[in-house]
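Worksheet for the structure shown next.
Bear in mind that the values in this text are calculations on the coordinates, not laboratory data. Note that the coordinates shown come from a computational prediction; the quantities given were computed from them, not determined experimentally. A quick note on method: Cβ atoms are made from the backbone with ideal geometry, for glycine too, and the neighbour counts reach across all protein chains shown.
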Amino acid sequence: MAEEILKVENMHKYYGKKHVLHDINFSVSEGEVVTLLGPSGSGKSTLIRTLNGLEDYQEGAIFFQGTKINPDEKHWQQLRQKIGMVFQSYDLFPNLKVIDNILLGPTKVQGRNKEEVESEAHQLLAQVGLEEFANAYPRQLSGGQKQRVAIVRALALHPEFMLFDEVTASLDPEMVRGVLEIIENLAKNDNMTMIVVTHEMNFAQQIADRVLFLEDGNILEQTPADQFFTDPQTDRAKEFLDSMDF
Ligand code: ADP
Ligand code: MG
C-alpha cells in the first residue's frame, strides 16, 4: 500500500456566513493522481486553496504527511513548500526574467545554493522546451509558454505534492496540449502525487486514478477513474459528463 500523503476529515469552509465546503472527507496516497471535477462555482478552487493553506477552514482537519495543518501556524509555511500549486493565471513576476522567476523561491525562501538551482532550472526549462527563453521576460512569452514556466517554477521547489487548478483554462486552444503533456509526464514518469482541476475531460480520463466529483461544496462521489467516466454513481455526475461533450 502506498503511503497516505494527504487526509481531509470532516472539513467545513465558510466565507463569512456562506458555507462553501460541506463535510469534506478524502485522502490521497503517494503517487496517486486525483482529478477534482464539478460545475463552475462548486468549490473546486476553494478546496484546492484550502489544501495549500491559502484559505483557512472552520471545522474538521487537514493532515499533510500526518501533521495537522493550520494556516495560522508557522510550521505550515514549511509544509507548504512541499505542496506546489499552479493556477489558471500564471502570475509570473513581470519585472523578472524567466530564470529569475524560477530561482526566487529556491534561493530566497529555501536558501539553496544558487549555482545548483540554476543548473536544475535550465534542465527543467529544457524538459518543457523553453531552454532558449531563460533570459526572456514574461511579456515576451505566449500564454502557454508562461504556464510552462509557472510549472517549472513550482517544480524547482521540489514539491512532494502538486495542485493544478484549471491551468489551461485561459490558454488558446493550440497551447493546451503542450501544457497538459507536461502534467501527464509528471504523473506518469515522475510518479508525482497530484490533484488536478480541469475541464479537459479526455485529459482527466487519461491521467486520473480517481475522481472526486464536487457540487455545491459537497463531494457527491469519489470513484475510480475507470468507472467514473463510463458509469458514474450519481445522476448529477452523469448529467455533468453529458454536458461536457467529449
Ligand atoms: P469553482 O472553482 O468550482 O468554480 P469556487 O471555489 O471558486 O468554485 O467557488 C465556490 C463558491 O464560493 C462560489 O459560490 C463562489 O462564489 C464562492 N467564493 C469563492 N471565493 C470567494 C470569496 N473570496 N469570498 C466569498 N465567496 C467566494
Ligand atoms: Mg475554480
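Observations, loosely collected:
- Placing a label point 7 Å from the Cα of ASN25 along the Cα-to-Cβ direction, the residues of the stretch 210-246 with a backbone N closer than 19 Å are 211-224, 233-234.
- Computed over the stretch 86-174: relative contact order in percent, which uses C-alpha pairs under 8 Å that are six or more apart: 47 percent
- Net charge, ASP91 excluded, C-beta distance under 15 Å - Lys, Arg +1, Asp, Glu -1: +2
- Counting charges near LEU141 (Lys, Arg +1; Asp, Glu -1) among other residues having Cβ under 12 Å from its Cβ returns a value of +3.
- Beta bridges per DSSP with both ends in the chain, % antiparallel, nearest 5: 55 percent
- Residue-averaged [θ]222 nm for the chain, counting only DSSP H segments that reach four residues, each worth -39500 (n - 2.57): -10000 deg cm²/dmol
- Here the gap between ASN95 and LYS17, fully extended at 0.36 nm per residue and compared with their Cα-Cα distance, gives a gain of 24.2 nm.
- Built amide H within the under 5 Å cut-off of PHE161, gap 5+: GLY84
- Built amide H within the under 5 Å cut-off of VAL20, gap 5+: LYS13, TYR14, TYR15
- Sequentially through the stretch 218-227, phi angles give Karplus couplings (6.51, -1.76, 1.60; θ = phi - 60°) of 10, 7, 7, 7, 10, 9, x, 4, 3, 7 Hz, Gly and Pro residues having no value and appearing as x.
- Annotation: amide H-H contacts under 5 Å for ILE5 (H modelled 1.01 Å from N, sequence separation of 5 or more, or interchain): VAL28, SER29, GLU30.
- Spin-label proximity, GLU9 to the stretch 35-76 - amide N less than 15 Å from point 7 Å beyond Cα toward beta carbon: 59-70
- Ordered by the count of other Cβ atoms within 10 Å of each Cβ, fewest first, LEU130, LEU214 give LEU130, LEU214.
- Integer Hz, Karplus 6.51/-1.76/1.60 couplings in order for the stretch 96-102, x for Gly and Pro: 10, 4, 3, 4, 6, 4, 6
- Listed values for the stretch 71-86 are Karplus-derived 3J(HN,Hα) couplings in whole Hz (6.51 cos²θ - 1.76 cosθ + 1.60, θ = phi - 60°), namely x, 7, 8, 5, 4, 4, 4, 6, 4, 4, 5, 7, 10, x, 9, 10, and x replaces Gly and Pro.
- Under DSSP loop assignment and at most 11 Cβ neighbours within 10 Å, longest trypsin sites (Lys or Arg not before Pro)-free interval of the chain: 75-246
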